[in-house]
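Please read the structure below before turning to the comments.
No lab work stands behind these numbers, since they all come straight from the coordinates. This structure is a prediction, so every number in the text was calculated from the model and none was measured. Please note: Cβ atoms are built from the backbone with ideal geometry, for glycine as well, and neighbour counts cover all protein chains shown.
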Amino acid sequence: MGAGHGHRLHFHGHSAVHRLPAQCKLLALVLFVLCVVATPRTAYWAYALDAAALGVCIAASRVPVGYLAKRMLIELPFVVFALLLPFIALGDRTVVLGVEVSAEGLEAGLSLLAKATLGVVGGLLLAATTEPRDLLAGLEGRLPRQLIQIMAMMVRYLDVTSDQMRRMRIARESRGFVARNPRHWPVLAQGAGALFVRSYERGERVHLAMVSRGYVGQLPGLVHDEATTREWVTSLALPTTAAVAAVAGWWLR
Amino acid sequence: MHVPDGFLDAPTSIATGAVAVGAVAVALRKANKELDERTAPMAGLVAAFIFATQMLQFPVGAGTSGHLIGGVLAAVLVGPWTALLCMSVVLLVQSLLFADGGLTALGTNIILMGLIPVAVGWLVFKVVTAIVRQRKGVAIGTATAALVSVPVAALGFVGLYEFGGTANIALSTLLSAMIGWHVLIGVGEAVISGLAVSSVLAVRPDLVYAARGAVAPPELQIRSTRSEGASS
C-alpha cells in the first residue's frame, strides 16, 4: 500500500550487534539506562565512560552515526527544559559566561542532558538493530502471553492504520483542506472517529479470520533462538561498564 | 511528550515501574472479561489506532500544534481496562521501537498517560453521564473527562518531580507552568475526543463501549422501492 515493510527506525545489517538475540540486547539496554540514571549528578567522567561504551557498540553495529543523530530530534523538548533549568532552579547562584544562574540548576540541567541523551541513543541503537518480530520473540515467556499477543497484533497493523490515516490526510489536502486553526478541529475529530470504526471493524474481521483458522485465544509460539552464554556475556559488557562507572562515581564523590 | 531517562531519579523510576506493572496485571485480568478471547486482535488494533491518532496534529494557533494522547478516548470507546492495556502497549512499543520515552521512565509514562487519564477520565465520565443522559451525555462526558484528565496528569507529573526530580525548582513555578500549558492542551483533547466519540456514535453506536445501554441501537429498516415494476 505504498509503504515499506519493517519499521521506520530499523537499519538493515548483519553486524555482531544485529545478530545478538533480542532478549540479550533488551536486558543490556534496561540495565544500562538504570545504571546511567543511578549515576551521581556531577560525575561527568562517568557519563563520558558510558558514552564511550555506547560508542563502541554503535561502531560494532555499523549503523551510521548520522542515521542515529537525525533521529535524536525526538529528545528536543527535554533539551529545551534542560537548558531552562539553570535559570528557573533555586539554590546558590553562580556566574557562567557573565550570566548569573543557579549552580544546582546548572548541574541538574547538564546531568539531565547527559542521561536523556544516553538513554535516547541506546534506545535508537536497539530499535535500529532489532527487527520487531525478533523483539517480540525475545520478549516471549518474559512478559504475560496476552500482552505479547496484543503487542504482536499492534506491531503488525501499525503501518496499515497509520497509512490509512495518512491517506485520509492526503484526501483532505487534495480537496484543498489544511487544518490551520481550532475551527478546523471537528474535521480532524471526524477523521479520528472514522479511523476508529475502520480499525475496530478490521479487528473484527481479523478475529473472525483467526477463529476460522482454529484460533481459541492462543497463538502458536514465535520462533526464537535461545541465547548462548557467550551472547549473554557479550551483551552484558555494556551495562557492566555503566555499573562500574556509576559505582565509581558514588565512591569518588 | 514522553518522559525520557534521567528525568526522575532511580528509586522513583523503579517505584513507578512497580505501580505500572501492578496496574497492567489487574488490567490484563479485567480486560479478558470485557473482550474474552477477542482480547488480542481487538486490543491490538485499538492500540494501533491510538498510535495513529497520537500522530494526529491539531493546530493550536500561532504556528504551534498539539497532539492527542487518547487515553480518555480509548476508555470511552473500548472500556477502561482494555484502554489501560492498549495505552501501556502503545507506550511500550514507542519506547522499544521508536526510542520515544525512556525505558526507565516507562512506568512513569504508563502512569501519566495511561493510568491517570483512564482512571480519572472514567470517573468523571461516569459522574457526567449520570447527570446528562443519552447520546449528548456520552459526548459531553468524554469531553469533560478529557478536559479534566490532562491537567490532572500534569499535576501527577509535578508530584512525581517533587518526589524524585533531579533539580530544585520552586513548586509554584513548575505547577503554574505545567498546569497552565496543559489546560490548553486539555481543551484540544476534550473537543477532539468529544467530537470523535459523537461521530462514532452517529454511525456505529454499538461500537462505543461506554454508550452500551445509554444509546439505543438504530433499528434495522427494511426498505424497498415502492413502485416496483412501474416504468417511467
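Which residue, B:Pro41, B:Pro151, B:Pro117, tops the fluctuation ranking in a GNM of chain B built on C-alpha contacts under 10 Å? Looking only at B:Pro41, B:Pro151, B:Pro117, the biggest GNM fluctuation is shown by B:Pro41. Taking chain B as a Gaussian network of alpha-carbon nodes connected by springs under 10 Å, the highest mean-square fluctuation of the residues B:Ala75, B:Ala23, B:Ala146 belongs to B:Ala23.
Of all lysines in the structure, those lying under 28 Å Cα to Cα from B:Lys33, and not within fewer than 8 positions of it along the same chain, are B:Lys126, B:Lys136.
Both radii come from the Cα set of the protein assembly as shown: Rg as radius of gyration, Rh as Kirkwood radius; their ratio Rg/Rh reads 1.00. Direction-averaged projected area, Cα convex hull, segment A:75-184: 12.7 nm², rounded to one decimal. Cross-link partners for A:Lys70 among the lysines, with Cα-Cα distance under 28 Å and sequence neighbours closer than 8 places in the same chain left out: A:Lys25, A:Lys115.
The region of chain B that goes longest without hitting one of the GluC sites (Glu not before Pro) in a DSSP loop, each with at most 11 other Cβ atoms within 10 Å, is B:1-218.
Each part reduced to its alpha carbon centroid, segment A:170-223 and segment A:118-136 end up 26 Å apart.
Using a 10 angstrom Cβ neighbour count of at most 14 plus a DSSP loop assignment to flag exposed trypsin sites (Lys or Arg not before Pro), which longest range of chain B is free of such sites? It works out to B:1-132. Spin-label model, B:Ala15 to B:Asn168: label points 7 Å out along the Cα-to-beta-carbon direction sit 1.9 nm apart. If R0 is taken as 22 Å, the Cβ-Cβ distance between B:Lys136 and B:Arg212 corresponds to a FRET efficiency of 0.85. In chain B, inverting the average of 1/r over every pair of distinct C-alpha atoms gives 18.8 Å as the Kirkwood radius.
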